[in-house]
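The values are calculated or read from the model by the stated rules, or taken from the named source; none is laboratory data. Values in this document were obtained by computation on a predicted structure and should not be read as measured data. Positions of Cβ are backbone-derived with ideal geometry, glycine not excepted, and every protein chain shown enters the neighbour counts. Keep in mind that these areas ignore ligands, DNA and RNA; they rest on the heavy atoms of the full protein, side chains included. Shrake-Rupley method; radii C 1.70, N 1.55, O 1.52, S 1.80 Å.
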Amino acid sequence: MKILIVKSSYRKGSNSSILADRVLEGAKAAGADVEVIDIGRLVISNCRGCYGCLAPNADFCVVNDAMHPFYKSIFEADAIVFASPVYWFSICGQAKQFIDRMFAVAVLPSKPFSKKKLAAVFSFEDTDEITSGCINAIKTFENICGLTEAQWIGSVYGSMNELNEADNKPELQEAAYNLGKAVVEA
C-alpha cells in the first residue's frame, strides 16, 4: 500500500507535522510504503477553473508550478493523509490550494479517488474542535470523500498553542500512530 502524507504548515516543527510523523510511523509499522511531502513553503497557484485538466492530452493540471510534481504521487497513492493547522475556522491556505488543485486527478474518468482512503491530523489553538473550527476542517474532508467516493478513515486533532507542544501530548501521538495503522488496515 502506498500512502502519501501531505504536510501543509508553514512553521517548521509544527504540531500538525509532529502528528503526521506519528501517522508515518504507524503506517510503516503496518507495512505501508509512505511518501511525505511538505507543501508549507511552496508557491501553489489557485485552480483557475479552466478545465485544461480535462483536455485529451493533458498531463493532469495545465498550470506548471510547485504543485505539478505531486500529481503522479496523488494518482498512485492508495491513501492520502493531510496534516494541517486550523487557521480561521478551517484548514490552512496551503492545504486548501493543494486540495483545489487535486481536482485535476479527482475528475479523471477512471474515478481514481473512489479507490483511495483519506485521513487527516489537525492542530488548533482554541479549546475544542467546535470553537476552533476544526469541525469545519473535518467536514471538508468528509465532503471530499462524499464527492469523490473516497473512504474517510478519520482524523486526530488537538489543542496546542506552542510550537512542538505535540511532543508533550502522548495521547495524541498514540492516536496519530494508530490512525496510520488504521489507514493501512481499513
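Tabulated data
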item	result
Any hit, segment 156-178, residues being within 30 Å of ALA58 (Cα to Cα), modelled with pLDDT of 95 or more and surrounded by 15 or more Cβ atoms within 10 Å (Cβ to Cβ)	no
Any hit, segment 125-141, residues being under 24 Å from SER14 (Cα atoms), of a type in the set (A, V, I, L, M) and more than 16 Å from the chain's Cα centre (by Cα)	yes
Failed condition for ALA186, given (1) touching a helix residue (DSSP H, G or I) at 6+ places or on another chain (Cβ under 8 Å); (2) exposed (fewer than 15 other Cβ atoms within 10 Å of the Cβ); (3) small (Gly, Ala, Ser)	(1)
Sole exception among (1) without any contact (Cβ under 8 Å) to a residue 12 or more places away in the chain; (2) among the polar types (S, T, N, Q); (3) open to solvent by less than 20 Å² (accessible area, probe 1.4 Å) for SER84, by number	(1)
Unmet requirement for ILE144, which otherwise passes all of (1) modelled with pLDDT under 95; (2) touching a helix residue (DSSP H, G or I) at 6+ places or on another chain (Cβ under 9 Å); (3) β-branched (Val, Ile, Thr)	(1)
Subset of segment 117-141 [open to solvent by 40 Å² or more (accessible area, probe 1.4 Å), without any contact (Cβ under 8 Å) to a residue 24 or more places away in the chain and out of contact with any Asp or Glu (no Cβ under 6 Å at 6 or more places or on another chain)]	ILE130, THR131, LYS139
Selection status of ASP65, more than 14 Å from the chain's Cα centre (by Cα), surrounded by fewer than 22 Cβ atoms within 10 Å (Cβ to Cβ) and closer than 26 Å to ASN164 by Cβ	no
Residue tally, condition surrounded by fewer than 20 Cβ atoms within 10 Å (Cβ to Cβ), in contact with a Leu (Cβ under 8 Å, 6 or more places away or on another chain) and not acidic (Asp, Glu), over segment 1-57	4
Pairs where the first residue, in segment 142-168, is closer than 15 Å to ALA120 by Cβ and the second is in a loop (DSSP other than H, G, I, E, B) and not charged (D, E, K, R), C-beta under 8 Å, 6+ apart	ILE144/ALA150; GLN151/ALA186; ILE153/ALA186; ALA166/MET160
Residues satisfying the stated conditions in segment 1-29, i.e. within 20 Å of CYS92 (Cα to Cα) and either without any contact (Cβ under 8 Å) to a residue 40 or more places away in the chain or among the acidic types (Asp, Glu) (or both)	LYS12, ASP21
Unique residue being over 22 Å from SER14 (Cβ atoms) and either touching a Cys at 6+ places or on another chain (Cβ under 7 Å) or open to solvent by 60 Å² or more (accessible area, probe 1.4 Å) (or both) when the list is SER110, SER114	SER110
Residues of segment 69-81 satisfying the condition of being under 12 Å from VAL105 (Cβ atoms) and open to solvent by 10 Å² or more (accessible area, probe 1.4 Å)	PHE70, LYS72, SER73, PHE75, GLU76
